[in-house]
């Protein structure tokens, strides 16, 4: 693909959602709901169409499609070229994969939203924000310039804030939006500092030339500062930052912090459950499929740096797996249907982060792809359920919905199986990346063992959710009166269910036989020049054993869950009543008390400092300003005494001045002469 | 005729008349006397002008002095008319009393 | 000539003192008349004959007459002597001392004057320094070693013609503006002294208009009496 084609196609993918956002936002209130529905959905449809074109081009190119970087326009050029920011886009397999998910799943969710927001007054605003989110996410994944990446990063956070707080009359929504945004700003700051460090320290080798021809000299010339913000150049020269040096470790740690903030990993994870205050399509799009995976994308994109900082990568892997375990534990006791799915997201992304932390980039991206399908499916189906029981989100009030909402129930079952990792999606992607964990990463088998424990937990909470919502007897009148969702909200769910079911079988098997399309597609990106070594695949025998162990653990979890919540012939409360275990449910329900901890550590001291400053500083500031005005008043009062109204006084002023002036002029003339 | 030596004395007298008029403006409280002191100042200026005109053999000084006389006449008319009005409404003829322009 | 001039200057100074320091207003006015007359004499000596005439006619003959009229009309009381410690008095005396000294020194000590000499005289002076050339004794440096009537067109043409020439050629604009000024002053004077509405306390000595005064002389003011008593009044009038 030539650069001009790339620029055109990328420009179109950026333009359509942006135009849709502007149209819905500006003309929507004027032209009405139908226009907004059409414009908001068609814009993403158009973007998806262009993405398909790009995909076909990338697939059809000669083997080993090289990344194409095109400049849309040059934005800043300062310091005689040292600070050059241009809106560059890069089209390679990684960005195409992300684009497919963003626009494809985004399109399905937009169609779903037409039905979900049918009775909402702010539909124009909603589609405007959603389209803007798609635009920012596209900008983020296409960016080939560090500044543009940061702009996309921040715009995504902004869209998230706008959409979480969409129902702004609800105080809980506003607070949740604020919490999400503030947490992500921490990540933004880390990202910006990392950008500074890269910009200042990146060097390109100097090639000595003599009359235009390169010569070889005994001692190599020192590298010169590159001062570039272009990602390809950064990656090409990543070696100049050292391998395993404190500098690159620091940069990678900062990048990881940014990724954690965006992907809701420990310790910056507290915003994701509260973000469920937003409408369900928002949760599906932003907090399942796309925005929270931006952190995974960041680490994958910056793999040349992470390959050279094993300490940082190791930390990433630990944090990812730890978060997966923690989130799975918490999801077991949550009673809000969306929160369970949110913690599930946190857990699955933890697995993705783990994968990119140990260098299994393709496996992590595979998990991202499949997770996008089944998580969006789960959220949309949950949206159907919430819609059906008239905005009730507590699963204790649900039950017995499978006979009342057949399509949704079957889709949800497919999604839960995909999540738990049996038969569909997760079985392939999760075991794929866990297999890498067998022999890669710090403490290699240890993290793998934690991973299969996560499998057990996943199976448990997934089928707990399914069982309580859809099986058994209805627990409330609302559940009894539930009915199936309208078709505009059913079709996206069904399509996603189909994708979740089929995609795993078709794309990549975690064992040495079967298709390996993802690896073939993505590995060129991760083995390009400038990157370090990627994770080693386990050999045939070990991989097969690992796969089966993981699968068995998933089945254990699913089985226990079915016995407790579907068939209702096992009761865990007696087991948990034993002294040591009594603490566990409480810890799980209160989300391991993180919110309270942060409140104590961060919020209260800040408020106390602010109160103290106000008490101490306000009088100072007030008196200072009042003092200024008092000075002016006193001065004017003093000068006013000169206005006596008596002509003689005014005349004396004049005479005095004339006297002084005359003498001064005479003296000056005398001196000048 | 006259020698150059007298010229500084002419200027001195003009200056003396001028400052004397200024002193009168400052000291006297009767507005009529103040007006007359102002006329004294104008005459001092005329003296200086005519002195220069004669000294430099340029009649421009005399033209200017002529203008000054005209302006002084007009000013006296208006000023005395104002004073008459002030008197006719019953105010005291005292510049210290006429202090409406104070703060 | 010098002696005459010196005497005139001294007399002017004395009469000016009289203007400022006389306790009675009318004495100040008469001193001013004297000052103006003496100044006219100085103008004559200084070769400004036209101004001599104008000064006497306009200043002494019209302005000062106006002053005297008003003093007679208003009859202001004399005021008390000013206090010696009055800061304005001190300031004024300082001003006299300072400015006079400065002017005198400047006049004596070689401050150059540039003049736009507009006469036709070839020997018109430019940048003549008072005293310095004479002091240096350079002979031919001072084209006019006397303050006489230089033999040039100015003198030959006569003062009035020369002034008129300047007035109506070079300075016609200030001339016209000055005439406008006079017009404005005249209008202002008429406006300021017209009759006002009733209700303002009038001083009976100042008639609102001349016609009022005439009417008062014609008919003595009559108190309101019934018509029965009107007959003897009518008889008295005829």
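Can you spot a residue in region C:51-61 that is more than 7 Å from chain B (Cβ to nearest Cβ), farther than 20 Å from residue B:11 by Cα and in contact with a helix residue (DSSP H, G or I) (Cβ under 7 Å, 6 or more places away or on another chain)?
Within region C:51-61, one or more residues are more than 7 Å from chain B (Cβ to nearest Cβ), farther than 20 Å from residue B:11 by Cα and in contact with a helix residue (DSSP H, G or I) (Cβ under 7 Å, 6 or more places away or on another chain).
Report whether or not residue A:18 is touching a helix residue (DSSP H, G or I) at 6+ places or on another chain (Cβ under 8 Å), assigned to a helix (DSSP H, G or I) and within 24 Å of residue A:72 (Cβ to Cβ). Don't jump to the end; show me each part of the working.
Values: touching a helix residue (DSSP H, G or I) at 6+ places or on another chain (Cβ under 8 Å): yes; assigned to a helix (DSSP H, G or I): yes; within 24 Å of residue A:72 (Cβ to Cβ): yes.
Yes: the conditions hold for residue A:18.
A quick yes/no check of all residues on (1) out of contact with any helix residue (DSSP H, G or I) (no Cβ under 9 Å at 6 or more places or on another chain); (2) buried (at least 22 other Cβ atoms within 10 Å of the Cβ):
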| position | (1), (2) |
| --- | --- |
| A:71 | no, no |
| A:78 | yes, no |
| A:88 | no, yes |
| A:91 | no, yes |
| A:100 | no, no |
| A:116 | no, yes |
| A:132 | no, yes |
| A:141 | no, yes |
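So which of A:53, A:85, A:111, A:89 ends up being touching a residue at least 40 places away in the same chain (Cβ under 8 Å) and more than 25 Å from the chain's Cα centre (by Cα)? Outline the logic, then answer.
Details: A:85 fails: more than 25 Å from the chain's Cα centre (by Cα); A:111 fails: more than 25 Å from the chain's Cα centre (by Cα); A:89 fails: more than 25 Å from the chain's Cα centre (by Cα).
Going through A:53, A:85, A:111, A:89 in turn, just one is touching a residue at least 40 places away in the same chain (Cβ under 8 Å) and more than 25 Å from the chain's Cα centre (by Cα): A:53.
Report the residue count in region B:27-45 for those that are at pLDDT 90 or above and facing chain C (nearest Cβ under 7 Å).
Residues that pass the stated criteria total 7.
For (1) over 23 Å from residue A:515 (Cα atoms); (2) crowded, with 24+ Cβ neighbours inside 10 Å, each residue gets a yes or a no:
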{"site": "A:408", "(1), (2)": "yes, yes"}
{"site": "A:413", "(1), (2)": "yes, no"}
{"site": "A:418", "(1), (2)": "no, yes"}
{"site": "A:422", "(1), (2)": "no, no"}
{"site": "A:426", "(1), (2)": "no, yes"}
{"site": "A:429", "(1), (2)": "no, yes"}
{"site": "A:433", "(1), (2)": "no, yes"}
{"site": "A:436", "(1), (2)": "no, yes"}
{"site": "A:439", "(1), (2)": "no, no"}
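If I ask for residues that are facing chain A (nearest Cβ under 7 Å) and modelled with pLDDT of 80 or more, which ones from region B:77-103 would you list?
Hits for region B:77-103 are B:95, B:96.
Which condition breaks for residue A:120 when tested against (1) modelled with pLDDT under 80; (2) out of contact with any strand residue (DSSP E or B) (no Cβ under 7 Å at 6 or more places or on another chain); (3) surrounded by fewer than 17 Cβ atoms within 10 Å (Cβ to Cβ)?
(1)
Within region C:166-181, identify whether any single residue is within 12 Å of chain B (Cβ to nearest Cβ), exposed (fewer than 11 other Cβ atoms within 10 Å of the Cβ), at pLDDT 55 or above and more than 20 Å from residue B:60 (Cα to Cα), and answer yes or no.
yes
May I ask you to say which residue of A:641, A:662 is without any contact (Cβ under 8 Å) to a residue 60 or more places away in the chain, loosely packed, with under 11 Cβ neighbours inside 10 Å, within 14 Å of another protein chain (Cβ to nearest Cβ) and under 30 Å from residue B:96 (Cα atoms)? Quick ask: steps written out before the conclusion?
On the way: A:662 fails: loosely packed, with under 11 Cβ neighbours inside 10 Å.
Just a single option satisfies the conditions, and that option is A:641.
Which one of these is under 30 Å from residue A:340 (Cβ atoms) and surrounded by 10 or more Cβ atoms within 10 Å (Cβ to Cβ): A:649, A:599, A:634?
Details: A:649 fails: under 30 Å from residue A:340 (Cβ atoms); A:634 fails: under 30 Å from residue A:340 (Cβ atoms).
When all the criteria are applied, what remains is A:599.
Are any residues in region C:76-113 surrounded by 17 or more Cβ atoms within 10 Å (Cβ to Cβ), farther than 26 Å from residue C:25 by Cα and at pLDDT 70 or above, and if so, which ones? Break it down stepwise before answering.
Let us first name the residues in region C:76-113 that are surrounded by 17 or more Cβ atoms within 10 Å (Cβ to Cβ), namely C:76, C:88, C:91-92, C:95-96, C:98-100, C:102-104, C:106-109.
With the extra rule that they be farther than 26 Å from residue C:25 by Cα, the set shrinks to C:98-100, C:102-104, C:106-109.
Those that are surrounded by 17 or more Cβ atoms within 10 Å (Cβ to Cβ), farther than 26 Å from residue C:25 by Cα and at pLDDT 70 or above: C:98, C:99, C:100, C:102, C:103, C:104, C:106, C:107.
Could you check residue B:16 against (1) more than 7 Å from every other protein chain (Cβ to nearest Cβ); (2) in contact with a helix residue (DSSP H, G or I) (Cβ under 8 Å, 6 or more places away or on another chain) and say which number it fails?
(1)
Hey, does region A:205-225 have a residue that's at pLDDT below 75, in contact with a helix residue (DSSP H, G or I) (Cβ under 9 Å, 6 or more places away or on another chain) and not in a helix (DSSP H, G or I)?
Restricting attention to region A:205-225, the residues satisfying the condition of being at pLDDT below 75 are A:205-224.
After this cut, where a residue has to be in contact with a helix residue (DSSP H, G or I) (Cβ under 9 Å, 6 or more places away or on another chain) as well, the list is A:205, A:223.
Those still in the list that are not in a helix (DSSP H, G or I) too: A:205, A:223.
There is at least one residue in region A:205-225 that is at pLDDT below 75, in contact with a helix residue (DSSP H, G or I) (Cβ under 9 Å, 6 or more places away or on another chain) and not in a helix (DSSP H, G or I).
Which numbered condition trips up residue B:70, out of (1) over 22 Å from residue C:57 (Cβ atoms); (2) facing another protein chain (nearest Cβ under 7 Å); (3) free of Cβ contacts under 8 Å to residues at least 40 places away in the same chain?
If we test residue B:70 against (1) over 22 Å from residue C:57 (Cβ atoms); (2) facing another protein chain (nearest Cβ under 7 Å); (3) free of Cβ contacts under 8 Å to residues at least 40 places away in the same chain, just (1) comes out false.
Kindly evaluate residue B:4 against the criterion of being at pLDDT below 90, at the interface with chain C (Cβ under 7 Å from one of its Cβ atoms) and crowded, with 22+ Cβ neighbours inside 10 Å.
Values: at pLDDT below 90: yes; at the interface with chain C (Cβ under 7 Å from one of its Cβ atoms): yes; crowded, with 22+ Cβ neighbours inside 10 Å: no.
So residue B:4 does not fit the description; no.
If the requirement is being assigned to a helix (DSSP H, G or I) and more than 24 Å from residue A:276 (Cα to Cα), which of these qualifies: A:461, A:448? First the steps, then the outcome.
Values: A:461 fails: more than 24 Å from residue A:276 (Cα to Cα).
Just a single option satisfies the conditions, and that option is A:448.
Please work out if residue C:41 is surrounded by fewer than 21 Cβ atoms within 10 Å (Cβ to Cβ), more than 10 Å from chain B (Cβ to nearest Cβ) and closer than 16 Å to residue B:44 by Cβ.
Values: surrounded by fewer than 21 Cβ atoms within 10 Å (Cβ to Cβ): yes; more than 10 Å from chain B (Cβ to nearest Cβ): yes; closer than 16 Å to residue B:44 by Cβ: yes.
Yes: the conditions hold for residue C:41.
The values are calculated or read from the model by the stated rules, or taken from the named source; none is laboratory data. All values derive from a computational prediction rather than experimental measurement. A quick note on method: Cβ atoms are made from the backbone with ideal geometry, for glycine too, and the neighbour counts reach across all protein chains shown.
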